[in-house]
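Throughout, read-outs are computed from the coordinates displayed, never taken from laboratory work. Treat the numbers as computed from the prediction; the structure is a model and nothing was measured. Backbone-built Cβ (ideal geometry, glycine too); neighbour counts: all protein chains shown.
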């Protein structure tokens, strides 16, 4: 096989067949299912969550992961935050002519490893090749199915009420700054790694100790602030967070100051926001902090009322201001 | 809203929110589900088919359809050929900066209409924006879930036997030549339209009259020949088709002759290959021919033995030759 992807790898013929056998079937190992146009699956329950995400992150390899690991973890997390158990993924690749096959192999291998860690199976795939200059290396779509194993474990945003606690599972902005730093464009260099990780097992541990997890979200594009604003607007609740409670690494603070970014709007790929009943706050924190991926978990605020749909932040000097969605481009191709 | 897609439409902030509301939620109408990271679904059965496809066709608009219609029909057909009833799709968009928002709207509108025709719902989506030059306009991924309503309706490739009939639902190569012609690159012009269409209803009609449909495939990339070769190899059966039985439009014949293509390897987006028990041949043909999308359906060959895994074609002068997969690029970005 040639060492770089050619247009012939995407035409459905002999080369495409060899590529699929060599790169995909070998890793994913679903030879039999690959013979049909769709994978037949027998689900354990008919109550499911269904989600899709395309990944265009640049650079494709970055400290803490690559586009493949991110694609698996991102979709696993989108399923897990609904309370579903992620089970099956599809993976679809748009590859630029000339892309090194060795890079493709190592990305697919990462996907396989991340899927194994998360306990999900990649059961169907697709590969398209576009001419040089018609894509930037590689784009991946992952789409996933999760199973709702019981009603108790589903998130219940409609039960959010005044006094509920807002918990973040760790430091924010790590992914955003790690990616910017890896690009080397902005004159900053850090040894920060992306927090990119599948968090479904940690989430299940939380759901096992609390039946009062009302909402979970992973604050990816748009960051913590945008995600909280969306929750406020969608469910018409008002929340207040405290700036000094929000865990931020020094490197993220430093780089943000230099570059003029607000860490509240930086992407995360390994963090979860939990809205839980006040009485379950300690249980949830305890479970999170025992997990390496949740060791910096803390309460950052609370739900203050069930109207208006606004997000407020209290600054360290005690003043309060309203936060809105990010306006205008901050960081393209962060995921 | 500005008239072209900007990077800010992809950053997860205010502009992205407005784009999603304006272009997607309005059409798909799943406001409530769009508020969670994954759509919660209650399936009628837990036996499902799951498939994914990314679409990179160029040009984006072509006679008989556009990338959006193709993306819906393509995934609907991939589900339907397994015998499943297509029910839910996700749609994920990678958009190049500068892409006209009016084009995006009309593509999304086509997707909505095609989904309605096919009786499927688009329940989750994603939008990413990449810089000018990092994609060629627009790429779409659709991933779908179909339900196996009964065991009888599943394809049963393991029951294929000598004497089974091979049926094609209509003329081949229409999509391939329509796309080439629309590109205007190769000096040919035809009034041919792509056959791009969702065929799930037609397939269900066939399954309603026959319990002996053993295999169905849609011969897209790689065309009729490559798809049949795959079936032969995957299930270790030998098939023979007759060249003069294969329906091909004059325009497709003519353009293929001029350009040096073999219609057997040209992509189709609205045709199905059926392998059925000989005794059900007439019933299946009758149902197909009653349908406008199957009016040119005919028997093109038969299964000749259960070993070797080879495909043969008998030419009009009676000689027999073996067909293989397409080797090397014929038509990039055909779907």
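Taking a temperature of 10 °C and a viscosity of 1.306 mPa s, what whole-number D in µm²/s does Stokes-Einstein yield for segment A:296-335 with Rh from Kirkwood over alpha carbon pairs?
The diffusion coefficient I find is 120 µm²/s.
The long axis of helix A:67-80 is offset from the longest Cα principal axis of chain A by roughly 50 degrees.
Each copy carries a label point for residue B:282 at 7 Å from Cα along the beta-carbon vector; from one copy to the others these points are 8.1 nm apart, nearest first. Computed over the alpha carbons of segment B:164-225, Rg followed by Dmax gives 14.9, 47 Å. Using only the C-alpha atoms, the convex hull of segment B:111-243 corresponds to 182 Å³ per residue.
Largest GNM mean-square fluctuation across B:87, B:14, B:281, computed for chain B with C-alpha springs under 10 Å, falls on B:14. Judged by the ratio a/c of the largest to the smallest principal axis of the C-alpha gyration tensor, the protein assembly as shown counts as prolate, that ratio being 1.5 or greater while a/b is larger than b/c.
When chain B is treated as a GNM with alpha-carbon contacts under 10 Å, the residue of B:323, B:207, B:41 showing the greatest mean-square fluctuation is B:41. Taken over the Cα atoms of segment B:156-323, the convex hull encloses 107 Å³ per residue. For the options B:22, B:262, B:296, a Gaussian network treatment of chain B with springs between C-alpha atoms closer than 10 Å singles out B:22 as fluctuating the most. Note that chain B, at 25 °C in a medium of 0.890 mPa s, gets a Stokes-Einstein diffusion coefficient of 118 µm²/s from its Kirkwood radius over C-alpha pairs. Ordering A:179, A:246 by the number of other Cβ atoms within 10 Å of each residue's own Cβ, fewest first, gives A:246, A:179. Copy-to-copy label distances for residue B:243, where each label lies 7 Å from Cα along Cα-to-Cβ, are 7.9 nm in order of increasing length. Taking only Cα atoms, what is the 0 to 90° angle, nearest 10, from helix A:250-259's long axis to the longest principal axis of chain A? Orientation of helix A:250-259: about 80 degrees from the principal axis.
Counting only alpha carbon atoms, the long axis of helix B:101-118 and the longest principal axis of chain B meet at about 50°. Grouping the Cα pair distances of segment B:7-152 into 10 Å bins from zero gives a pair-distance distribution of 12, 42, 33, 12, 2, 0 percent in increasing distance order.
Ascending distances from the residue A:156 label point to its copies in the other chains, with the point 7 Å along the Cα-to-beta-carbon line: 4.7 nm. Can you tell me how segment B:230-273 classifies by the Cα gyration tensor, rounded, prolate or oblate, using a/c under 1.5 as the rounded cut? Here segment B:230-273 falls in the prolate category.
Quick check on segment B:257-335: take the gyration tensor over C-alpha atoms, sort the square-rooted eigenvalues as a ≥ b ≥ c, and tell me if it's rounded (a/c under 1.5), prolate or oblate. Because a/c hits 1.5 or more and a/b fails to exceed b/c, segment B:257-335 counts as oblate.
Once you keep just the Cα pairs under 8 angstrom separated by 6 or more residues, what percentage relative contact order results for chain A?
Computed value for chain A: 22 percent relative contact order.
Calculated [222 nm] ellipticity per residue, helices only, for chain B: -8500 deg cm²/dmol; basis is -39500 (n - 2.57) per DSSP H run with n ≥ 4, divided by all residues, nearest 500.
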